[in-house]
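Notes follow once the structure below has been shown.
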Amino acid sequence: MTFFGVEIGRPQIFCGLLLLALALEAALASYKTPLSLEEVQVINRSMEVTGSQVRPERHNSELQNPEPQKNPVTDSILLYRVTALFKPELQAGQELQPDQPHTARFQRFLPALYRLPFLIFGLWLGGALWWVSRRLFNNEGGYVALALFCFSPLVIQASSTINAEIIAVWGLFGIVYTAIGVGHTLYSPPRRWPPRIVLLGLAFGFTAAAHMGAAMLGAALAVFFLLYLSPPDRKLAAAAVLLAAFLIACVFLWGCYGWNDSVFNLVPGSASGWLAHPGQLFPLNLPPRGIFAPWLQLRNWPTVALFLLGLVVFFCWKRTRYFGNWTPLVVMAVLGLLQFPRTAPAVWIAPFVYVFVGGIASDLLESKYRRGTQILLFGLVAVQVVFALSLLR
């Protein structure tokens with residue numbers, strides 16, 4: 001079946017059903033969870049940045065500290081822009097209080113309305129993960145990766161709260177795999193380069209506007225993959241491609257700040273803090289703290305078990321040690337080593353975990369161990385689904 005020129009078959013229908021499940025999970029979590037103090041602060045700040053005339057009342061504790069301390073890395077102009085996208089129009093004097101049940105019909109839907117853009121980013125990331133894993137590992141690998149993604153408590157939480165992390169991981173995932181795509185495209189004639197260069201530049205721009213540290217980390221990964229994959233006689237062309245992508249990202253970032261240098265002052269420290277203190281971007285903590293703690297919770301154990309089994313297979317079976325499988329491992333290792341102030345981005349490594357598990361699963365499903373692999377995958381994924389749904393009660 002073809003819909004608007006796009007072929008719709010069983011794989012696409014299955015992908016759509018999984019993403020629909022994620023949308024329902026995140027929407028229900030958004031509806032049932034009152035806005036937290038941090039989310040209210042972001043909403044207030046977003047309305048200041050976008051120049052809204054009417055905004056929710058500040059929480060009492062925020063009134064006592066009207067200018068909370070900003071962090072030059074985690075403060076995010078794109079977080080404020082995105083939060084303001086679907087803001088409902090509030091009447092003068094109407095209050096928005098965190099940690100309190102909303103009784104009025106209008107107020108009951110406020111959390112879900114404010115969090116809607118982040119649900120969209122979660123679905124967008126899921127679609128990108130499906131496209132990448134299916135291209136790399138065929139339909140079965142894509143099914144496993146997307147199923148784990150759509151029933152991941154980490155992803156559900158990130159898609160149902162106001163946060164910069166879901167935007168940052170969407171951009172970081174895009175940077176890595178678009179850079180890989182550009183590296184392969186450099187083998188083709190130059191007339192085929194521009195579309196992917198623009199995509200790479202937009203990925204840099206989105207990530208930088210969401211989290212500057214994540215963007216710089218993504219830039220380092222992009223340089224590595226692009227230079228590694230590009231033809232030996234086109235290394236200078238690869239450098240020019242990176243420069244063009246960085247320029248596109250700068251234009252995008254400038255647009256996020258309103259095409260005016262004075263807009264940088266709306267978010268103190270975002271533009272100047274990380275330039276004045278670049279060492280704050282990449283503090284190295286060994287062993288890493290925070291990033292792995294959420295993965296050790298019971299609700300994530302099925303995915304962790306699949307990942308650990310995948311590692312054993314990867315190191316014991318030579319057939320699985322190819323580029324598509326070791327790429328997410330390299331990214332996870334880098335993310336695990338580098339820690340950022342005031343953030344524990346466990347969700348950053350999530351899509352790469354699912355891509356890796358999908359790749360190993362695809363290899364096993366094509367071997368003589370297919371039946372045992374099917375039983376193991378079905379059992380652990382089913383347990384992960386039960387854990388995810390139990391959070392919504």
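The values are calculated or read from the model by the stated rules, or taken from the named source; none is laboratory data. Being a predicted model, the structure only gives us computed values, none of them experimental. When we count neighbours, we look across all protein chains shown, and the Cβ atoms used for this are built from the backbone with ideal geometry, even at glycine.
Trp131 - would you say it is in the same structural domain as Leu365 (by TED's automatic domain parsing), closer than 22 Å to Phe225 by Cβ and free of Cβ contacts under 8 Å to residues at least 40 places away in the same chain? So Trp131 fits the description; yes.
Just name the residue that is surrounded by the fewest Cβ atoms within 10 Å (Cβ to Cβ) out of those in the range 193-250 that are within 12 Å of Gly183 (Cβ to Cβ) and aromatic (Phe, Trp, Tyr). The selected residue is Tyr228.
Consider the range 174-189 and keep the residues that are in contact (Cβ under 8 Å) with a residue 24 or more places away in the chain and farther than 21 Å from Cys250 by Cβ. The one that is surrounded by the fewest Cβ atoms within 10 Å (Cβ to Cβ) is Tyr187. Against the test of being of a type outside the set (Ser, Thr, Tyr), touching a residue at least 60 places away in the same chain (Cβ under 8 Å) and assigned by TED's automatic domain parsing to the domain that holds Phe307, the options Phe204, Phe225 yield a single qualifying residue, Phe225. Quick check on Leu186: is it more than 30 Å from Leu298 (Cα to Cα), of a type in the set (A, V, I, L, M) and in contact with a Lys or Arg (Cβ under 7 Å, 6 or more places away or on another chain)? Considered against the rule, which asks whether it is more than 30 Å from Leu298 (Cα to Cα), of a type in the set (A, V, I, L, M) and in contact with a Lys or Arg (Cβ under 7 Å, 6 or more places away or on another chain), Leu186 comes out as yes.
The helices (runs of 4 or more DSSP H) found entirely in the range 150-224 include none that carry 3 or more residues being more than 21 Å from Ile349 (Cα to Cα) and at pLDDT 95 or above.
Any chance the range 344-356 includes a residue that's without any contact (Cβ under 8 Å) to a residue 24 or more places away in the chain, crowded, with 16+ Cβ neighbours inside 10 Å and closer than 23 Å to Val132 by Cα? No: the range 344-356 contains no residue that is without any contact (Cβ under 8 Å) to a residue 24 or more places away in the chain, crowded, with 16+ Cβ neighbours inside 10 Å and closer than 23 Å to Val132 by Cα. The helices (runs of 4 or more DSSP H) found entirely in the range 2-64 that carry 2 or more residues being modelled with pLDDT of 90 or more and on the phi < 0 side of the Ramachandran plot are 10-32.
For the structure I just gave you, tell me whether Arg342 is charged (D, E, K, R) and at pLDDT below 90. The answer is yes for Arg342.
If you go through the range 357-390 and keep only what is in contact with a helix residue (DSSP H, G or I) (Cβ under 6 Å, 6 or more places away or on another chain) and closer than 15 Å to Asn300 by Cβ, you end up with Val357, Leu380, Val381, Val383, Gln384, Phe387, Ala388.
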